[in-house]
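Before any comments, here is the structure.
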Amino acid sequence: MADFAGQYFTYYGPQMAASLVSIVPVLVLFLFAQKNIIQGVAAAVLKG
């Protein structure tokens, strides 16, 4: 990500594309595991 930001100019297009490529796998994993994540958080809160 830092490679796209120079001293005088920032390449916003490639920087945003790299951000999207890095966020998509995490988002997909969360969407598939969302039910288990929510249940785990709820169980931890109730357990106290």
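Read-outs throughout are calculated quantities, based only on the coordinates presented, and are distinct from any laboratory measurement. For clarity, every value in this text was computed on a predicted model and none was experimentally measured.
A few points about this structure:
- Residue by residue, the range 32-44 carries 3J(HN,Hα) couplings of 6, 9, 4, 4, 5, 5, 5, 5, x, 5, 5, 5, 5 Hz when phi is fed to the Karplus relation 6.51 cos²θ - 1.76 cosθ + 1.60 (θ = phi - 60°); x denotes Gly or Pro.
- Equivalent-ellipsoid semi-axes of the chain, from the Cα gyration tensor, Å, largest first: 37, 13, 5
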